[in-house]
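I have placed the structure first, in the form of structure tokens, so that the comments after it can refer back to it.
Any read-out appearing in this document is the output of simple, stated calculations on the displayed coordinates, not a laboratory observation. Since we're looking at a predicted model, the values are computed, not measured. Ideal geometry is used to build each Cβ from the backbone, glycine not excepted, and the neighbour counts take in all protein chains shown.
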Amino acid sequence: MTGATTVGVLGGGQLGRMLALAGLPLGLRFRFLDPSPDAPMRHLATQITGAYDDRDALAKLVDSVDVLTYEFENVPVAVAEQLARTHLVFPPARALAVAQDRLVEKQFFRSLAIESPPFAAVDDRASLTAAVRQIGLPAVLKTRRLGYDGKGQVVLRSDAELDGAWQALGGAHLILEGFVPFRHELSILAVRSRDGAVATYPLVENHHRDGVLRLSLAPAPDSAHLQAQAEAIATQALNALSYVGVLAIELFEMDGRLLVNEMAPRVHNSGHWTIEGAQTSQFANHIRAIMGWPLGSTEARGCAAMVNLVGIIPPMIDVLNIQGAYLHLYDKEPRPNRKVGHVTLLRDSAEELKHAVARVQALIGEQHLTSPGDL
Ligand code: AMP
């Protein structure tokens with residue numbers, strides 16, 4: 001025994017892998033639990049393979065760990081609560097409970113007087129009709145639980161579509177949200193330490209295709225006037241949850257107003273740019289927070305963009321030949337719609353960044369997602 005501090009992680013995907021990559025230089029060791037034997041974290045840490053509610057696997061995970069965290073937001077809340085009886089578990093289980101149910105999540109933000117799209121619970125066919133009457137069309141019908149990357153939701157534009165949507169989403173436990181004609185999708189990442197200190201990153205502008213994040217721009221262009229509003233939202237949420245660690249909040253921007261779409265109680269894909277683009281990465285700050293160490297500066301080092309590699313790994317040499325490009329691969333087999341890596345681009349000016357983004361996107365056959373005025 002060397003007395004090294006060990007962090008236990010529920011989930012061993014790319015987020016866990018990047019947490020380990022941030023924590024290893026600080027002398028930490030990692031153990032993680034993941035159902036898949038091929039988890040991207042496997043070559044960096046001790047893996048326990050098993051389900052998140054497997055008692056034996058959980059006992060092995062917590063053996064000799066000093067603090068526990070998670071990189072996957074569908075860890076059963078009961079498991080997080082159980083672990084918290086004997087171990088330090090950050091972020092708190094309540095944050096998981098809020099984030100796992102879109103209705104509870106919207107009610108949480110409403111309780112803080114933070115604006116979200118208008119919403120109503122839908123538990124049977126009659127309440128769908130009532131919710132449409134209350135909220136109007138267009139609207140988005142979503143499952144309350146387990147929706148991600150645009151799955152488990154249907155946009156409703158006319159009354160004629162109600163029956164089909166009701167059947168498609170399997171009936172019970174849905175939420176209807178007003179459709180927000182947003183100008184941009186943004187996210188704010190913030191971190192809260194064990195002693196309650198809060199730090200926020202610059203707003204990020206996010207572009208999705210087929211429900212999957214493709215491109216993030218950071219700091220979000222033309223967002224300086226929204227930063228204080230976003231920081232207030234994040235700080236209120238962090239404090240209300242007595243949160244410790246990194247929290248990501250996805251936002252819609254409409255006429256200079258920010259509306260909360262959802263939150264993720266973990267490090268987040270829209271924060272990957274911070275590895276090279278900020279003074280302290282989201283991963284390093286998450287580690288600092290859960291360890292009770294001082295937070296690092298969240299300041300941006302310039303203009304950054306992050307291009308996700310979804311289902312495709314471009315020729316490595318071509319990426320490395322782009323000045324200011326940083327390639328990250330997750331040790332995953334490319335499959336359609338699977339995030340297998342990302343490229344961060346760091347430049348001094350938005351104009352230079354635009355060209356670099358276009359070069360990476362050309363390598364992966366991605367549409368040019370930003371209009372010329374965007375950057
Ligand atoms: P979600 O899984 O809730 O993040 O939704 C996936 C995507 O659907 C979002 O990134 C938005 O582009 C879109 N979306 C979700 N909810 C709404 C809404 N209420 N109004 C407009 N677009 C939405």
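For region 263-372, just the Cα atoms, rotate onto the principal axes and tell me the three extents in Å, largest first.
43, 34, 27
Can you list, bin by bin at 10 Å, the percent of alpha carbon pairs in region 58-216, starting at 0?
Pairs per bin, as whole percents: 9, 30, 33, 20, 7, 1.
What do you get for Rg/Rh over region 185-290 if you use C-alpha atoms and the Kirkwood form of Rh?
0.94
Loop-only check: which trypsin sites (Lys or Arg not before Pro) in region 178-269 are DSSP coil with at most 10 other Cβ within 10 angstrom?
Answer by residue number: there is no such site.
Any aspartates and glutamates with Cα under 19 Å of the K332 Cα? List them, leaving off those in the same chain fewer than 8 positions away.
D34, D38, E71, D149
How much net charge surrounds G324 when only the other residues with a Cβ under 10 Å from the Cβ of G324 are counted, with Lys and Arg +1 and Asp and Glu -1?
Net local charge, G324 excluded: -2.
Over its Cα atoms, what ratio of radius of gyration to 2.2 N^0.38 Å does region 1-151 give?
In units of the globular-protein estimate, region 1-151 measures up at 1.29.
Computed over the Cα atoms of the chain, what is the ratio Rg over Rh, Rh following Kirkwood?
Rg/Rh for the chain comes to 0.96.
State the extension gain, in nm to one decimal, for the chain segment bounded by N337 and Q279, taking 0.36 nm per residue of separation less the distance between their alpha-carbons.
That works out to 17.8 nm of additional length.
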